[in-house]
Amino acid sequence: MSDRRYSVEESGRPAEFPPEARARIEKILSRYPTKQAALLPVLWVAQETFGWISKEAAEEVARILELTPAHVDGVLTFYTMYNLRPVGKNLLQFCTSISCHLAGAERLMERCTKRLGVGLEQTTPDGKFTVVEVECIAGCDRAPSMMVNDTYHEPMDEKKLDALLDKLSADA
Amino acid sequence: MSEKVLLARVGRRDSRSIATYLEDGGYAALRTVLSGGWTPEKLTDEVKKSGLRGRGGAGFPTGLKWTFVPKDTKGKPVYLLCNADESEPGTFKDRLLMEEDPHQVIEGIILSSYAIKCRNAYIYIRGEFYLGARILDAAIEEAYAKGFLGENILGSGYSLDLTVHRGAGAYICGEETGLIESLEGKRGQPRIKPPFPAVVGVFGCPTIVNNVETLACVVHIVNRGAEWFAKTGRNEKNSGPKLYCVSGHVNRPGVYEAAMGLQMKDLLFGADYGQGMKGGKKVKAVIPGGASAAMLTADEIEDCPLDFDGLAAKKSMLGSAAIIVMNEDTCIVEAAQNLSKFFAHESCGQCTPCREGTPWLHKVLARIEAGSGRMEDIDLLERISNQMANGMTICVFADAAIAPVLSSVGKFRDEFRYHVEQKRCLVGAGASRPELVTA
C-alpha cells in the first residue's frame, strides 16, 4: 500500500452535491437506522459525482452525515477503492494475486505501464489512463483478470490488452 | 456428475429475471414457509437437521448460529447480513450466484430473515462487484413489486426490507465483525469477541452474518427437505451440495457443483470438472481452501475428500472451497511470496503482531525469492509466524496469513534452501519474473 493512501488532497474548489446526488443521498439515508451507516454509500455518490474524493468533498460528506471530518478521513483512507486524487478516465486495475500471478499477471501489467509510459498509481499526461495493481478481484477462473473502471476484462492476454488500449486510446 | 441444485439455473436464458425464476419454481420455498404455517423455529430446526455448515470459510453450523440470537431481544431489532464480500484469493462462486441467479440468493435471505425474526437485512457486497450489485438491486425491485419483500409478505404478516450495501475495497470486511463495523460506516476493523454478533452485532443489535452460498442452500433445504440435504454429501457433518472454485494450472478452471466431499483428484482431473493439468504437467502443490489454507503436496491430494473434516484431517481447511492448482514448474518460494504480499497489503493494522508480522514475512520471502536471502531466514519465517497467531490477535487474519508460509516452508524446505544457496529457482521454467531469479 502506498503511503499516499493516508493523505486526502484538497481540490481548491468547494464540493457541493448537485440536486440528483442530493436525492440519492436522501434515499440512501432512508435505508439505515443511523446516518453514519450511510457513509460508504455516500462516499460512492461523492466519487461518482466528482470522479475522486477531495478534502472538500470529504468535509461536505461529514457535514451531511453529522460526522467529524477526521472520522470520514479515517474511513476514506482505509478502503482502497476511493480515489484520493484525480484518476484517468480509464482506471486500469490489474489483479496480481495468486491465480492471476500463476497466469502471468505481472508481465501483463508491466507491458501496460511500459506502453503507456507511466508507473503504477500514475496517470498519463492526456488524463486517459491510470494504472493500479489490485489484490484478488474474484476473477481467478478467468485469470489474468483486470478491470477498467467498473467493468471486468477477463481472461486477458497480451493481444487483448493491446487491442483494449488501442480502443480506449482512440475514444474521445 | 451429480445433479446441479445451486447452479441449476446458471446458463439458462434470462436467468436473472423474476419471470424465469418463477417459471422454474422460484419462491416456492417462501410460499411453503410463509403460507404453510411454518414457524421461525420450525425453519431453524430444519436447517439444523440438514447439517448445513457455513460456506464462507469457517464452516460453523448455520442453524445453531441462528439459535444464538436471544429469545428476548429486549425490544432490539434483529439483523441479517448477507456476506457477499467474497475476497479470499481463489474464490469466485458467490459472484456467479449473484450475477446469474440473484433471486435464489434473495429467496434464501428472506427465508433466513424469517427464521431469525429479522425485519431489515443487508447484502454487504464487495465494491468491485458493481455488476452484481446492479443485478441484485434490479432483482430486489422485482421482488418488492411481486410482494416477496416489503410489508406483509404473501399476506403472512411478516415484513422485510432488503438493501444492497457496497463495500469499497478491503479483504478484512469479509470477517464478520469487520463487516459489521464497515456497515456501520467505520473502518472494517474486527471486534473482540465475545460478545458475538448474534448477541451484540450491527448497531448494537443481535445480528446474523451468513455467506451468499449458505443462504442459497436454505431455499433447497425447504424445497427438498432437511433429510435430502443431510444425505447429499460424504456424511451428515459434511452435507449438501457444494460449489468448488478451481483456478490455476488446470485445463478448465471454473465453478463446479458437486455433493460435499468430492475427491480432489476427481475435481482436478474429472471430465465434468477441471479436465486435468494444462500441458499434461504434474501437480506440485494445491491450495484447497483459498489463500488462507495450508498448501497440500501432490502426495497429499491422494484420497482427499473436499469437505470440512476431510481437509481438517490433512491439517488444512475447506475454507471458501477455492482450489488453486500449481504445476511442477511453479516456484513455491515465489508463490509464497505472492501470497504473503496479499496478506501484507490487507492487514487492517489494528493488532501489532499482524500489522508488523505480515510485511516482515513478505520482506523476508521477497529477499529469498530475489536471491539475497540467508539460510537463517528460513527459520526466521517460522519464528515470525509463530509469534503472530494462535490468539495473539483480535481476529484470525494472522492465522490465515501464516498458513501459506508455514505450509510452504514446511513441505518444500528444499526449494527454499536451494533459493538461498543457488540464488535461483529450483524449477527452471514458469517463473513469471525471471529477472528477479537470476543470480
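No value in this document is a laboratory result; all are computed from the given coordinates. If you're wondering where the values come from, they're calculated on a predicted model, not measured in any experiment. Cβ coordinates were reconstructed from backbone atoms using ideal geometry, including for glycine residues, and neighbour counts include every protein chain displayed.
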- [ ] Work through the residues other than B:Arg134 whose Cβ is under 14 Å from its Cβ and net out their charges, Lys, Arg +1 and Asp, Glu -1.
- [x] -4
Open item on the list: Debye calculation, C-alpha points only, no solvent: report log10 I(q)/I(0) for the protein assembly as shown at q = 0.07, 0.10 Å⁻¹, in the same order as the q values.
Closed with: -0.42, -0.89
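Given axes a ≥ b ≥ c from the Cα gyration tensor, I'd like to know whether region B:88-216 is rounded (a/c under 1.5), prolate (a/b larger than b/c) or oblate. Before the final figure, lay out the partial values.
Values: a/c = 1.98, a/b = 1.20, b/c = 1.65.
Cα axes put region B:88-216 in the oblate bin.
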TODO: Among B:Gly157, A:Gln47, B:Tyr21, pick out the residue whose Cα is farthest towards the positive end of the charge dipole of the protein assembly as shown, where Lys and Arg carry +1 and Asp and Glu carry -1 on C-beta, about the Cα centre.
DONE: B:Gly157
- [ ] Work out, step by step, the length gained on full extension between B:Leu426 and B:Asn235: first 0.36 nm times the residue separation, then minus their alpha carbon distance; give nm to one decimal.
- [x] 64.6 nm
Open item on the list: Skipping prolines and chain starts, which residues have an amide H placed within reach, meaning under 5 Å, of the one on A:Val134, given they are 5 or more residues away or on another chain?
Closed with: A:Phe94, A:Cys95, A:Thr96
Task: Unsatisfied cross-links (Cα-Cα over 23 Å) in the set A:Lys35/A:Lys55; A:Lys35/A:Lys89; B:Lys93/B:Lys363; A:Lys27/B:Lys65; A:Lys55/B:Lys341; B:Lys237/B:Lys314 - done: A:Lys35/A:Lys89; B:Lys93/B:Lys363; A:Lys27/B:Lys65; A:Lys55/B:Lys341
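Place the peptides A:129-138, B:233-242 in order of packing, highest mean first, counting for every residue the other Cβ atoms within 10 Å and averaging per peptide. Before the final figure, lay out each step's value.
Values: A:129-138: 23.1, B:233-242: 20.4.
Going by the mean number of other Cβ atoms within 10 Å, highest first, we get A:129-138, B:233-242.
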Task: Counted charge near B:Asp266, where neighbours are those whose Cβ lies closer than 15 Å (Asp, Glu -1; Lys, Arg +1) - done: -1
Task: Between region B:1-58 and region A:80-99, the alpha-carbon center distance in angstrom - done: 36 Å
Open item on the list: Under 15 Å from a point placed 7 Å out from the Cα of B:Lys193 along the Cα-to-Cβ direction: which residues of region B:287-303 have their backbone N that close?
Closed with: none
Open item on the list: Given Cα positions, please report Rg to Rh for region B:65-121, the hydrodynamic radius being the Kirkwood one.
Closed with: 1.07
Task: Value of [θ]222 nm, deg cm²/dmol, for chain B, DSSP H segments ≥ 4, -39500 (n - 2.57) each, nearest 500 - done: -12500 deg cm²/dmol
- [ ] Over region B:133-207, consider all pairs of different Cα atoms and compute the Kirkwood hydrodynamic radius from their mean reciprocal separation; express it in Å, one decimal.
- [x] 14.1 Å
Task: Three-way shape call for region B:188-255 based on the alpha-carbon gyration tensor, with the a/c threshold at 1.5 - done: oblate
TODO: Count the net charge of all other residues whose Cβ sits under 14 Å from the Cβ of B:Pro190, scoring Lys and Arg as +1 and Asp and Glu as -1.
DONE: -2
Open item on the list: Output wanted: per-residue J couplings in Hz (rounded whole) for region B:29-46, from phi through Karplus 6.51 cos²θ - 1.76 cosθ + 1.60, θ = phi - 60°, x for Gly and Pro.
Closed with: 5, 5, 5, 3, 6, 7, 9, x, x, 5, 7, x, 5, 5, 5, 4, 4, 4
Open item on the list: Once you order the gyration tensor axes a ≥ b ≥ c over the Cα atoms, which shape class does region B:1-153 get: rounded for a/c under 1.5, otherwise prolate or oblate by comparing a/b with b/c?
Closed with: rounded
Task: Virtual spin-label span in nm between B:Ala271 and A:Asp162, 7 Å along Cα→Cβ - done: 3.9 nm
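When DSSP assigns beta bridges and you keep just the ones with both residues in chain B, what percent turn out antiparallel, to the nearest 5?
Values: 18 of 39 bridges.
Of the beta bridges lying entirely in chain B, close to 45 percent run antiparallel.
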Task: Contact order relative to length of chain B, as percent, for alpha carbon pairs under 8 angstrom and 6 or more apart - done: 15 percent
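Given 25 °C and 0.890 mPa s, compute D for region B:174-328 with the Stokes-Einstein relation, Rh being the Kirkwood radius over Cα pairs; round to the nearest whole µm²/s.
Working: Rh = 17.1 Å.
The calculation lands on 143 µm²/s.
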- [ ] Could you work out which residue, out of B:Thr177, B:Thr44, B:Thr352, moves most in a Gaussian network model of chain B, that is, has the largest mean-square fluctuation with Cα springs under 10 Å?
- [x] B:Thr352
Task: Residue-wise HN-Hα coupling along region B:246-262, computed from phi with Karplus coefficients 6.51, -1.76, 1.60 (Hz; x: Gly, Pro) - done: 10, 9, x, 7, 9, 5, 10, x, x, 9, 10, 9, 8, 5, 3, x, 3
Task: C-alpha long axis of helix B:413-422 to longest principal axis of chain B, angle in ° - done: 40 degrees
Open item on the list: For a quick size check, give me the Cα extents of chain A along its three principal axes, largest first, whole Å.
Closed with: 49, 33, 31
Open item on the list: So if I place +1 on the C-beta of Lys and Arg and -1 on the C-beta of Asp and Glu, and nothing else carries charge, what would the dipole magnitude of the protein assembly as shown be about its Cα centre? I want it in debye, nearest 20.
Closed with: 540 debye
Open item on the list: Skipping prolines and chain starts, which residues have an amide H placed within reach, meaning under 5 Å, of the one on B:Ile123, given they are 5 or more residues away or on another chain?
Closed with: B:Cys82, B:Thr163, B:Val164, B:His165
Open item on the list: I'd like the distance separating the alpha-carbon centroids of region B:273-330 and region A:9-47, in whole Å.
Closed with: 44 Å
- [ ] Quick one: angle between helix A:55-65 and the longest Cα principal axis of chain A, in degrees between 0 and 90, rounded to 10, please.
- [x] 50 degrees
Task: Computed FRET value (nearest 0.05) for B:Ala313 with A:Ala21, which takes r as the C-beta separation and R₀ as 56 Å - done: 0.55
